[in-house]
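Below you'll find the structure, written out as structure tokens, and then a few comments.
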Amino acid sequence: MTEETLHKTAEVHRDYTGSKMGMWLFLFTEMLLFGGMFILYAVYRFKHPEEFHTSAQDLDTTIGAINTLILLTSSLTMALSILALQKGKKRLSLVFQVLTILMGAAFLGNKSLEWGAKFHHGMYPNSAYLLTKSSGEILFYGLYFVMTGIHGLHVLIGIGVLLFMVLFTMRGSIDSTNFVKLENSGLYWHFVDIVWVYLFPLFYLIT
Amino acid sequence: MERKHEGHEAASYKTYIFTWTALVLLAAATIAVAELHMGAASIVVALLIASLKAALILYFFMHLRYEKWFFKLAFLLPILVFMFSIGFTFLDVLYR
């Protein structure tokens, strides 16, 4: 092998499986990050079933359901954007990527309306009003703000990552033969969707 | 050097739309079930539906369907770690 071909081989070298494996390993740590909080939730719900039930009544199930629909649909457009790119349809892929970002933003918009209403009623971590409540309710709202907050932060990060993917797709640095970046962003986005799939019934639908 | 790019064969648009339809129906089901006020069983049903949704997302949207066996099995590891953690936590909580 000549010097030149060696150089060329090095240039096009891509480790598809390695990239994927790295992303999955990162997602495993994310699973355990949220897992720790779900364990806390399970213990405190077990200890204060009544308070968790009454607190959950005060959450807006309609906004929760709309946000569930938004995130599930954004996962669809995310998956479709990868498929479109694999088939070489760059424009279509970009449309789906932008739709995914817009739905992520809509999710956060709803979330801020929801939190805003709670703050308006004096409900926020360590607020004077919240501290007059029973310990079960304080724990419920503590977990609610922390878990949906960290989840919301993940949606925000996902939007940031996808903005880069839009840029990369437009520039052509990801295309129908080299799309692992977009695929890994998709893995992240879908993971965040899965977290919400558990958060929604556990916080909004306690009966 | 082999030119074929790695990565799996593409799914179809139809598969993804079916998956999404199933996910939306399951989300509706979880709300409907909560309305039934089944007491202690409701948390079990809610978690079962959520896990079914998670499985659909993992298998179709996250492409586990097309992945090598390593990926298919590896994600069970953190789930196992989580199960152990929650199991032993509850042994402590229940029998303290």
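The values are calculated or read from the model by the stated rules, or taken from the named source; none is laboratory data. Being a predicted model, the structure only gives us computed values, none of them experimental. Note that we place each Cβ from the backbone using ideal geometry, even for glycine, and neighbour counts take in every protein chain shown. With ligands, DNA and RNA removed, areas are computed over all heavy atoms of the protein, side chains included. Shrake-Rupley method; radii C 1.70, N 1.55, O 1.52, S 1.80 Å.
Per the helix-only calculation at 222 nm, which mean residue ellipticity applies to chain A, given -39500 (n - 2.57) for every DSSP H run of n ≥ 4 and division by its residues, nearest 500 deg cm²/dmol?
On the way: 8 runs with 174 residues, N = 207.
About -29500 deg cm²/dmol.
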Checklist outcome for this item: Among segment B:55-81, those whose backbone N falls under 17 Å of a label point 7 Å along Cα→Cβ from B:S12 are B:60-61, B:66
Checklist outcome for this item: Calc'd 3J(HN,Hα), segment B:52-61, phi into Karplus 6.51 cos²θ - 1.76 cosθ + 1.60 (θ = phi - 60°), Hz, glycine/Pro = x, comes to 5, 4, 4, 5, 4, 5, 4, 6, 9, 5
Checklist entry - Probe 1.4 Å, all protein chains in place: accessible area of A:D58 in Å², nearest 10? => result 90
Checklist outcome for this item: In segment A:29-71, accessible area falls by at least 40 Å² from chain alone to full assembly (1.4 Å probe) for A:M31, A:L32, A:I39, A:V43, A:F46
Item to check | Segments A:43-49, A:176-182 sorted - mean Cβ within 10 Å per residue, highest first | outcome: A:176-182, A:43-49
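Report the charge-dipole magnitude of chain B in Debye, nearest 20, computed about the Cα centre from +1 at each Lys and Arg Cβ and -1 at each Asp and Glu Cβ. Show your work: numbers first, answer last.
Numbers: 8 positive and 6 negative charges, 36 e Å.
With only Lys, Arg, Asp and Glu charged at Cβ, the dipole is about 180 debye.
Roll a 1.4 angstrom probe over the protein heavy atoms and tell me the percent of accessible area of chain B that is carbon or sulfur. Each step should come with its number before you reach the end.
Working: 4460 of 6100 Å².
Solvent-exposed carbon and sulfur of chain B make up 73 percent of the total.
Starting from the residue with the highest accessible area, list A:Y41, A:Y124, B:Y13 in decreasing order, probe 1.4 Å. Present the calculation step by step, with values, prior to reporting the outcome.
Numbers: A:Y41 10, A:Y124 100, B:Y13 60 Å².
Sorted descending by solvent-accessible area, the residues read A:Y124, B:Y13, A:Y41.
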Next on the checklist: Counting only other residues whose beta carbon sits under 15 Å from that of A:E114, what net charge do I get with K and R as +1, D and E as -1?
Outcome noted: 0
Item to check | ³J(HN,Hα) computed for each position of segment A:66-78 - Karplus, 6.51 cos²θ - 1.76 cosθ + 1.60, integer Hz, glycine/proline x | outcome: 4, 5, 4, 4, 4, 5, 4, 5, 5, 5, 4, 5, 4
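Accessible area lost on pairing B with A, both sides, 1.4 Å probe, Å² to nearest 100? Provide the component values of the computation, followed by the final result.
On the way: alone 8300 and 11400 Å², together 15320 Å².
It comes to approximately 4400 Å² buried between B and A.
When the solvent-accessible surface of protein heavy atoms is calculated with a 1.4 angstrom probe, in what order do B:L47, B:L73 fall, highest first?
Numbers: B:L47 65, B:L73 100 Å².
The residues order as B:L73, B:L47, largest area first.
Give the accessible surface of segment B:12-62 per residue, rounded to a whole number of Å², with probe radius 1.4 Å and ligands, DNA and RNA excluded. Please list the in-between numbers first.
Working: 2560 Å² over 51 residues.
Normalised by residue count, the accessible surface of segment B:12-62 is 50 Å².
Relative contact order (percent) for chain A, with alpha-carbon contacts under 8 angstrom and 6 or more residues of separation?
Details: 167 pairs, mean separation 68.0, N = 207.
It comes to 33 percent, rounded to a whole number.
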Item to check | Interface residues in segment B:51-74 - accessible area drops by 30 Å² or more relative to the isolated chain, probe 1.4 Å | outcome: B:K53, B:A54, B:I57, B:F61, B:M62, B:H63, B:E67, B:F70, B:F71
Item to check | Protein accessible area in segment A:17-204, 1.4 Å probe - carbon and sulfur % | outcome: 70
Checklist entry - Between A:K87 and residues 5 or more places away or on another chain, which pairs have amide H atoms under 5 Å apart, with H built 1.01 Å from N, and which residues are they? => result none
Checklist outcome for this item: Which of A:K87/B:K68; A:K20/A:K118; B:K14/B:K72; A:K89/A:K111; A:K20/A:K111 exceed 29 Å between C-alpha atoms? The answer is A:K20/A:K118; A:K89/A:K111; A:K20/A:K111
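Can you tell me the accessible area per residue over chain A, all protein chains present, probe 1.4 angstrom, in square angstrom? List each step's numbers first, then the result.
Values: 9220 Å² over 207 residues.
Ligands and nucleic acids excluded, the result is 45 Å² per residue.
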Item to check | Farthest toward positive dipole pole in the protein assembly as shown [+1 Lys/Arg, -1 Asp/Glu at C-beta], among A:A42, A:L102, A:L156 | outcome: A:L102
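Give, rounded to the nearest 20 debye, the magnitude of the charge dipole that the protein assembly as shown has about its Cα centre when Lys and Arg contribute +1 at Cβ and Asp and Glu contribute -1 at Cβ.
Details: 22 positive and 20 negative charges, 112 e Å.
So the dipole magnitude of the protein assembly as shown works out to roughly 540 debye.
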Item to check | Three-way shape label, segment B:12-62, alpha-carbon gyration tensor, a/c 1.5 | outcome: oblate
Checklist outcome for this item: Calculated from DSSP helices alone, with each H run of at least 4 adding -39500 (n - 2.57) and the total divided by the residues of chain B, [θ]222 nm to the nearest 500 comes to -23000 deg cm²/dmol
Checklist entry - Considering protein heavy atoms only and a 1.4 Å probe radius, which residues within segment B:78-95 exhibit an accessible-area decrease of no less than 40 Å² in the full assembly relative to the chain by itself? => result B:P78, B:F82, B:F90, B:V93
